[in-house]
Amino acid sequence: QLKKLDQAVSAAHTFFVANPQHLQMREDIEKYQRMSGVKSNSFRDLEAMPHLEAYEAGVQHYDADEYLQAVARLEESLTEALSALEECRALCEGPWEDEDEEEEMQPGLYEAIAAHYIQVLKCRQQCVLEIATKPGRISATEDFIPSHLDLLQFAYNQVGNQTLAAECAASYLLFYPTDEPMLEKMKQYLTELGEDAAVTARQNIQHYVQRSLMEKKLIYYSVEHLGETFNDPDLWTPDELIPENLKEKYREDQEKQKEETLDVEEREKRGHLPFEGIAVTMDSHQMNGTQRVVFDRVLTESECKDLLRLTKAAGEAGDGYRARRSPYTPHERFEGLTVLKAMQLAQNGDVDWRDAKLLLQASEKSRKIIESYFTPGKKLHFSFTHLVCRTAVDGQQEGRMDLSHPVHADNCLLDPEGQECWKEPPAYVYRDYSGILYLNDDFQGGGLFFTEVDTVTVTAEVRPKCGRLVAFSSGKENPHGVWAVSRGRRCAVALWYTHSREHAEQERVKAEKLMEQKAVEQDQLDGIKRQGTDHSSRSSSELPVSHSGTKPANRRQKPGSDSKQHPKELRARDEF
């Protein structure tokens, strides 16, 4: 507002780097990019740490095959990072802080000295995470120091400097001495340089590794004998340094991780679909990715129509949205309905009970299909269920350049520049699988697409149609977005699932209880009707009495048989 554009742009850019999912700031950044008075160098991160800035620039040059520039920026980053590490380690010195300890439990002199020193050592070990974490982030870049050396050895080799390439390879092997690809490269470098070449690791890296290993040895001793705890920040810690009782837990964690990252093709082979007639239209291979699949014929045409009628009635009744503009684009209206709200609307007579029940059934059917396909034998819980419609706003589609839903991942924060996806709040980090069950195709645009982590390289597209279910894992391997809906109304059931029971959808539990109560009431009503029919048959002399042992009237009576109490409920429809 003060017309200080340079400061406004740098402030906006700084905030957006730390909060890449903030949609309003994304729009502001795009607005600034279109303004003629704004220079490209105004887009600077005011909180950027020099070594991280140099590292990202180096990686970008590396990815662009600009190896001379990459070498310069990566060397700068490594120097600055080691300097920042020393500053962080110095700040670990200070008074002993232990807020959890009760006042009456005063340690003896030796215990106090040991506890204080262990605290300092653990603080120093965590410094590598501190310097590898961007401002505004929680997660650090993994293997920050070793990754510099790995990139540098390749870049130096590409520019023809085998001596420095070999030096970086030798330095990397201090962290991972059994890494076969690097050992092979080291052999190649030594062959090219000749037998007399004296190749050694860098002195500063040798010092870094030796000091870190000594500190880890002392900390693990305290873990084993003094009851301390330690979260090792490094992936390269030698196995022999870890106490035996901790190795077992480490192996269990590794096995669990291996099971969770089991090759998707193996999962697909053993996953058996629990319903007949459902077709796998596209698998991960056909969609150029992993943990992706498209099913067809999950719903019938009449079931899609019933759910579409539910969206219309819900839109009229309101669900806190009132057909407001979409939170993602001003060019579309957005309507949404949760399972609990659907049941509450049915309870009030605003929608048909059977339509609300169908929403529960359809989402549960989708859950069983996705669970059996991706995680057979491992329970998936609902995280959130949302019946959503997006409607193009008439007269506002010309020249439109935005998306109906920007590219994102469902359980982490995408960082296209850093080629990373940060699994931390405000992302829904507990979500494991996602699904979209489409209800119609009579609109223009609105297709789903998958991209690389860069958010611009499209790898697969899916066209919506009635009964089509798209399912995929919720992590960084599946960034996705929705093309703009330029005409008509696109409706689908959005589904998210989790393995974590504590994050199960509580609204769904309440909705199912309402459904059970309705079923009990209906059974009681049907019982009263049957009793009345039997009594009338026995007492009336005008009506013939049947002695053939025929069953009571079917519970599914004709429409209008109880129109005053339940005008919408008893209607023929397809069943699962």
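The values are calculated or read from the model by the stated rules, or taken from the named source; none is laboratory data. Keep in mind the model is a prediction, meaning the values are calculated, not measured. Backbone-built Cβ (ideal geometry, glycine too); neighbour counts: all protein chains shown. These accessible areas exclude ligands, DNA and RNA; they are computed on the full protein's heavy atoms, side chains included. Shrake-Rupley method; radii C 1.70, N 1.55, O 1.52, S 1.80 Å.
Being open to solvent by 70 Å² or more (accessible area, probe 1.4 Å), more than 30 Å from Cys127 (Cβ to Cβ) and not acidic (Asp, Glu) is the filter here; which residues of region 38-80 pass it?
If the condition is that a residue be open to solvent by 70 Å² or more (accessible area, probe 1.4 Å), more than 30 Å from Cys127 (Cβ to Cβ) and not acidic (Asp, Glu), then Lys39, Ser40, Asn41, Leu68 are the ones that fit.
With respect to the numbered conditions (1) in contact (Cβ under 8 Å) with a residue 60 or more places away in the chain; (2) not in a helix (DSSP H, G or I), which one is the sole condition not fulfilled by Leu218?
Every condition holds for Leu218 apart from (2).
Name the residues in region 345-376 that are modelled with pLDDT under 90, surrounded by fewer than 19 Cβ atoms within 10 Å (Cβ to Cβ) and either within 24 Å of the chain's Cα centre (by Cα) or closer than 14 Å to Glu507 by Cα (or both), would you?
Pro376 - this is the single residue of region 345-376 that is modelled with pLDDT under 90, surrounded by fewer than 19 Cβ atoms within 10 Å (Cβ to Cβ) and either within 24 Å of the chain's Cα centre (by Cα) or closer than 14 Å to Glu507 by Cα (or both).
How many residues are in a strand (DSSP E or B) and out of contact with any Gly (no Cβ under 7 Å at 6 or more places or on another chain) if we restrict to region 452-485?
To start, the set of residues in region 452-485 that are in a strand (DSSP E or B) comprises 458-462, 469-473, 480-482, 485.
When the remaining residues are screened for being out of contact with any Gly (no Cβ under 7 Å at 6 or more places or on another chain), the result is 458, 472-473, 480-481.
Qualifying residue count for the region: 5.
Which numbered condition trips up Asp98, out of (1) open to solvent by 80 Å² or more (accessible area, probe 1.4 Å); (2) modelled with pLDDT under 95?
In the conditions (1) open to solvent by 80 Å² or more (accessible area, probe 1.4 Å); (2) modelled with pLDDT under 95, Asp98 misses (1) alone.
Is region 22-37 home to any residue that is open to solvent by less than 60 Å² (accessible area, probe 1.4 Å) and within 17 Å of Phe144 (Cβ to Cβ)?
Within region 22-37, not a single residue is open to solvent by less than 60 Å² (accessible area, probe 1.4 Å) and within 17 Å of Phe144 (Cβ to Cβ).
Test His480 against the criterion of being modelled with pLDDT under 95 and assigned by the TED database to the domain that holds Asp306, and give yes or no. So that I can check it myself, show each step before the final result.
Values: modelled with pLDDT under 95: no; assigned by the TED database to the domain that holds Asp306: yes.
So His480 does not fit the description; no.
Yes or no, residue by residue, for (1) in the same structural domain as Glu364 (by the TED database); (2) within 22 Å of the chain's Cα centre (by Cα); (3) crowded, with 22+ Cβ neighbours inside 10 Å; (4) within 20 Å of Val294 (Cα to Cα):
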| position | (1), (2), (3), (4) |
| --- | --- |
| Asn411 | yes, yes, yes, no |
| Glu424 | yes, yes, no, no |
| Arg431 | yes, yes, yes, yes |
| Gly435 | yes, yes, yes, yes |
| Leu439 | yes, no, yes, yes |
| Val453 | yes, yes, no, no |
| Phe472 | yes, yes, yes, yes |
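So for region 522-533 (the condition being open to solvent by less than 20 Å² (accessible area, probe 1.4 Å), of a type in the set (A, V, I, L, M) and at pLDDT below 95), does at least one residue qualify? Lay out the reasoning, then the answer.
Taking region 522-533 and keeping what is open to solvent by less than 20 Å² (accessible area, probe 1.4 Å), we get 526-527.
Then drop every residue that is not of a type in the set (A, V, I, L, M), which leaves none.
Checked against the condition, which is being open to solvent by less than 20 Å² (accessible area, probe 1.4 Å), of a type in the set (A, V, I, L, M) and at pLDDT below 95, region 522-533 yields no hits at all.
Within region 387-400, is even one residue of a type outside the set (Phe, Trp, Tyr), without any contact (Cβ under 8 Å) to a residue 60 or more places away in the chain, in a loop (DSSP other than H, G, I, E, B) and closer than 24 Å to Val458 by Cα?
yes
If Val71 passes every condition in (1) at pLDDT 95 or above; (2) under 21 Å from Thr133 (Cα atoms); (3) not acidic (Asp, Glu) but one, which one does it miss?
The one condition Val71 does not meet is (2).
Looking only at residues that are of a type in the set (Val, Ile, Thr), touching a residue at least 12 places away in the same chain (Cβ under 8 Å) and assigned to a loop (DSSP other than H, G, I, E, B) in region 131-153, which one is least open to solvent (accessible area, probe 1.4 Å)? Show your work before the answer.
Looking only at region 131-153, we keep the residues that are of a type in the set (Val, Ile, Thr), and these are 131, 133, 138, 141, 145.
Those left that are additionally touching a residue at least 12 places away in the same chain (Cβ under 8 Å): 131, 138, 141, 145.
Still in the list and also assigned to a loop (DSSP other than H, G, I, E, B): 138, 141.
Numbers: Ile138: 116, Thr141: 45 Å².
By that ranking, first place goes to Thr141.
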